[in-house]
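Written out below as structure tokens is the structure these notes cover.
The values are calculated or read from the model by the stated rules, or taken from the named source; none is laboratory data. Treat the numbers as computed from the prediction; the structure is a model and nothing was measured. Because the Cβ atoms are built from the backbone with ideal geometry, glycine has one as well, and the counts that use them run over all protein chains shown.
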Amino acid sequence: MPLPKHLRPRWRYLAVRIETWPDADPSRKGFQRAVWESARALLGDPGSADAVLEVLRYRFGGGTGEAVVRVRHGEVSRGRAALACVGSVDGHPIGVRVVGVSGTIRACEEKYLGETPGDPDHEDVVFGDGTRPAVVRGAAVDVRDGHAFAGATPIDLEDQ
């Protein structure tokens, strides 16, 4: 027998944007693990148990992605803080940004997600001492320098 409505837990849904290097491919399972570890490190075991952070939706490709993370109603600020502390997933450095909070998954997706750029553009750019391959995503330009990437902006490339 289900609980009456006034006794059921209430949830909020955090819309999260994810960014990393173009060759990284963090998994959903790895992202969930990183969120739990971050919450436990920041909030402690009791605090992370109160927040109940759970990744419900996850989409990633080409260095950018998005997720919907569920958090208990009264723990939104603590959940946001825990997400801000996520620094790497599956060994790849990662940037996580909460772009909005909503009361339903549907509203969360419609209001804040779904506008991530499609496939990034691959171009050759003048950088440093020569022409190098780069991945362009809006204002972010990731220039391949040997086996790694260097972050740049179009302004960095104009003076070359």
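If you go through region 62-118 and keep only what is without any contact (Cβ under 8 Å) to a residue 40 or more places away in the chain, within 16 Å of the chain's Cα centre (by Cα) and in a helix (DSSP H, G or I), you end up with Ala81, Ala84. Restricting attention to region 6-26, the residues that are of a type outside the set (Lys, Arg) and assigned to a strand (DSSP E or B) total 8.
Please find, within region 106-160, the residue that is modelled with the highest pLDDT out of those that are among the hydroxyl-bearing types (Ser, Thr, Tyr) and farther than 30 Å from Arg70 by Cβ. If you could, list the steps in order and put the result at the bottom.
Narrowing region 106-160 to residues among the hydroxyl-bearing types (Ser, Thr, Tyr): 112, 116, 131, 153.
Among the residues that remain, those that are also farther than 30 Å from Arg70 by Cβ are: 131, 153.
Numbers: Thr131: 73, Thr153: 70.
Out of the qualifying residues, it is Thr131.
Test of understanding: among Arg40, Arg70, Arg80, Arg33, which residue is farther than 30 Å from Val136 by Cα, at pLDDT 95 or above and either assigned by TED's automatic domain parsing to the domain that holds Ala148 or touching a strand residue (DSSP E or B) at 6+ places or on another chain (Cβ under 9 Å) (or both)? Going through Arg40, Arg70, Arg80, Arg33 in turn, the sole match is Arg70.
In the set Ser48, Ser27, only one residue is assigned by TED's automatic domain parsing to the domain that holds Gly91, surrounded by fewer than 17 Cβ atoms within 10 Å (Cβ to Cβ), modelled with pLDDT under 95 and more than 12 Å from Val96 (Cα to Cα); that residue is Ser27. Among the residues of region 87-101, is there at least one that is surrounded by 15 or more Cβ atoms within 10 Å (Cβ to Cβ), farther than 25 Å from Thr153 by Cα and modelled with pLDDT of 95 or more? Scanning region 87-101, I find at least one residue that is surrounded by 15 or more Cβ atoms within 10 Å (Cβ to Cβ), farther than 25 Å from Thr153 by Cα and modelled with pLDDT of 95 or more, so the answer is yes.
Among the residues making up region 51-61, those that are crowded, with 19+ Cβ neighbours inside 10 Å and not in a strand (DSSP E or B) are Ala51, Leu53. Exactly one residue out of Asp25, Asp50, Asp45 is more than 30 Å from Val135 (Cβ to Cβ) and out of contact with any Leu (no Cβ under 8 Å at 6 or more places or on another chain), and it is Asp45.
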